[in-house]
Amino acid sequence: MPDEVESRKDLQTRFQFAPEALVNDGRFNLGIYRDPFKQINPLDARISLLPWSRGIKNLLLKEWEHFGLVNHRFFVSLALFNSKRIGLAQVVTYDRQNKSKVIHEKKVRARALDIPKELWDSHASVSTPGLSISIRHELFKGQHHIEFQCERTRTRPGIQGLFTCYEDLQIIEPIVVCLPLSRRRAMYSHKAILPLEGRLRVGKETYVFSKEDSFALPDIHKGYYPYVMKWHWATGGGWNREGQLIGFNLTNNQVKDQKTYNENCLWINGKGHLLPPVRFSMRSNSLEHPWRIQDREGRVDIQFHPEATRNINMNLLFLRSRYRGPYGAFSGHIVDSEDNDINIDHCFGVAEDFYLRA
């Protein structure tokens, strides 16, 4: 036990404060950080022995913003994904009470997506017939403002939302990472669990999200991924019996040396606790079979119980995608960096089995 406790303390010491920029002198600042970069500048990196232009590097850079908006009844998923060959804009609402989901999705030209270079004062957006998403980042105020509108169709109700996510950096410790994908290439990500308030309108009904029962799970991401991208991911949150807001992020991806570099984290009332590498086990795409997520030390042992499937399959000349992203509940436990055993039976969220060739 003393050796295990010491290893947890050693792992937590890797949770450093971020330098000013993601890239300095052509090199990525690899690490796991507890606050945001002021400059997110992956196009300044030297990713090849050849002197590639910024335009070529931009074509290789995959970028997305995803927000999960959760209260006692709904999970709302907003996604802007830019592969530089094609873009995807998506709004999904899952009603946990009625076990029903509504998907509004548009494939758009990559240039139609506006994904910003920083989060301090910037704007992510897409506007296409039938669907618009606007995400205003104001980290200098500790806020993200989200607005979206999806027009009614013959088979889907109209959906509108107006939300504010609160990321007070005096309270919230996001996990901000720069992790190696190869010798010269890396990925950047910014994740957290945030207090949330706003309103959701589905058809003719309006639902209120309050700070007392709502939270947001942001995923801001940029990376020089291989031609084939793949990972497993799970994130969720909820309140424990003591009234603390608990959240977690767990990933097994293409990052090199995951014992040193990963983005696995537990949050308790905004405070981050780093976690070791994890592995995912799943038997099928059936909702009847839970996913198992574990580490080698016994710190993470949880099951994900899918409630609703969300699949995307594309097979185009230059692009192939095979995606599973069910919503569901979690059960099990995670041991934090102070050796407390945290029960997460109250948590709800999303998991992914992701494959993309683009």
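In the frame of its principal axes, the stretch 1-157 has Cα extents of 55, 50, 29 Å, reported largest first. With all projection directions averaged, the alpha carbon convex hull of the stretch 6-92 covers 9.2 nm².
With neighbours defined as other Cβ atoms within 10 Å of a residue's Cβ, the residues ASP25, ASP336 order from fewest to most as ASP25, ASP336.
Could you check which residue among ARG14, ARG299, ARG34 shows the biggest mean-square fluctuation in a GNM of the chain with a 10 Å Cα cutoff? Comparing ARG14, ARG299, ARG34 in a Gaussian network model of the chain, the most mobile one is ARG14.
Kindly flag which residue pairs out of LYS99/LYS191; LYS57/LYS259; LYS84/LYS256; LYS106/LYS271 have an alpha-carbon separation exceeding 31 Å in this structure. Among LYS99/LYS191; LYS57/LYS259; LYS84/LYS256; LYS106/LYS271, the Cα-Cα distance tops 31 Å for LYS106/LYS271. Could you work out the mean projected area of the convex hull around the alpha carbons of the stretch 12-52, in square nanometres to one decimal? If you wrap the Cα atoms of the stretch 12-52 in a convex hull and average its projections, you get 3.2 nm². Treating each Cα of the stretch 41-119 as one equal point scatterer and applying the Debye formula with no solvent, the log10 of I(q)/I(0) at q = 0.17 Å⁻¹ comes out as -0.75.
In terms of the Cα gyration tensor, with a ≥ b ≥ c the square roots of its eigenvalues, is the stretch 126-255 rounded because a/c is under 1.5, prolate because a/b exceeds b/c, or oblate? Note, shape of the stretch 126-255 comes out oblate. Applying a DSSP loop filter and a limit of 11 other Cβ atoms within 10 Å to the trypsin sites (Lys or Arg not before Pro) in the stretch 227-276 leaves ARG241, LYS259. For the stretch 197-322, a/c is not less than 1.5, where a ≥ b ≥ c are the root eigenvalues of the C-alpha gyration tensor, and a/b does not top b/c. That puts it in the oblate class. Note on LYS117: aspartates and glutamates with a C-alpha under 15 Å away, same-chain residues under 8 apart excluded, are GLU20, ASP44, GLU63, GLU65, GLU138, ASP219.
Under 16 Å from a label point set 7 Å out along the Cα-to-Cβ vector of ARG46, the amide N atoms of the stretch 183-207 belong to 183-186.
Here the dipole of the chain is about 2060 debye; that uses its Cα centre as origin and unit charges on the Cβ of Lys and Arg (positive) and Asp and Glu (negative). The overall shape of the chain, judged from the alpha-carbon gyration tensor, is rounded, with an a/c ratio under 1.5.
Every number here is computed from the coordinates shown, using simple stated rules; none is lab data. Since we're looking at a predicted model, the values are computed, not measured. Here the Cβ is made from the backbone with ideal geometry for all residues, glycine too, and neighbour counts use every protein chain on show.
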